[in-house]
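Remarks on the structure that follows.
The values are calculated or read from the model by the stated rules, or taken from the named source; none is laboratory data. Only a predicted model underlies this, so the values are computations on that prediction, with no experimental measurement involved. Counting neighbours? That spans all protein chains shown, and the Cβs are built from the backbone with ideal geometry, glycine included.
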Amino acid sequence: MINLLPLKDKIKAKKEYLRRLFLVFGVLSLFSALGAVALLLPLSYLVSVQKKGYERQAAFLEKQLDLSDSAEVIPAVKDLNSKIALLKKNRENSPSVAEIIRKIILNKNGGISLRAFSYDGNFQKEYAGRISAAGFSATRENLLDFMSALKGEDFFASVELPPANLLKEKNIEFSVIIKINKNENKI
């Protein structure tokens, strides 16, 4: 196609084209910016509401946390730490439950069968603990021999057998209560 326009009109048409192109680009940019602002306004509102909520929570917590309370908390924590250290020390000084049961089993004779053990490590302060052993004895003599063997152990502070367990002559179900010495050197 042949362009018959004079050069002056060609330049004028080109300027008009560029001016319209910039105008369309400007209008599109303006609408894009307005759309972005319209999308960001609710987000900025939500952020400002959350910020106010956090500020209120911070103010509430500051009112709740009074520094004068820390003067009461620190001694309580120190007291708890000392009690925990004491419990750890007592636990280290007390013999293991397996060692206690092993001592009991080593002292039983052929007529005794043990069926249950119950351990209480926090029984009394003067003892390392208390263990109850329940079982079956074929005869009263076997039970008395077992009791005397347990009483002969320095490891046990006391061995108690309820008198009701000695009423029968044969086939006796018994329960023995043994208090364990605190001194770990006797193990």
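Taking the condition of being modelled with pLDDT of 85 or more and surrounded by 15 or more Cβ atoms within 10 Å (Cβ to Cβ), how many residues in region 161-179 meet it? Spell out how you get there, then give the answer.
Kept after step one, since they are modelled with pLDDT of 85 or more, are these residues of region 161-179: 161-164, 167-179.
This time we only want the ones that are surrounded by 15 or more Cβ atoms within 10 Å (Cβ to Cβ), so: 161, 172, 174-179.
Number satisfying all stated conditions: 8.
Pick from region 119-158 the residues that are modelled with pLDDT of 90 or more and either closer than 16 Å to SER96 by Cα or part of a strand (DSSP E or B) (or both): which of them is nearest to the chain's Cα centre (by Cα)?
Among those residues, the one meeting the criterion is SER132.
Which ones in region 109-165 are within 13 Å of ILE180 (Cα to Cα), in contact with a helix residue (DSSP H, G or I) (Cβ under 8 Å, 6 or more places away or on another chain) and not small (Gly, Ala, Ser)?
Passing the criteria: TYR119, ILE131, LEU150, GLU153, ASP154, PHE155, PHE156, VAL159.
Kindly list, by first and then second residue, each pair from a residue in region 131-146 that is without any contact (Cβ under 8 Å) to a residue 60 or more places away in the chain to a residue that is among the polar types (S, T, N, Q) and buried (at least 21 other Cβ atoms within 10 Å of the Cβ), limited to pairs with Cβ atoms under 8 Å and residues at least 6 apart or on different chains.
Every condition considered, the pairs that remain are LEU143/SER137; PHE146/SER137.
Which members of region 145-163 meet the condition of being in contact with a strand residue (DSSP E or B) (Cβ under 9 Å, 6 or more places away or on another chain) and among the aliphatic types (A, V, I, L, M)?
Within region 145-163, MET147, LEU150, ALA157, VAL159, LEU161 meet the criteria.
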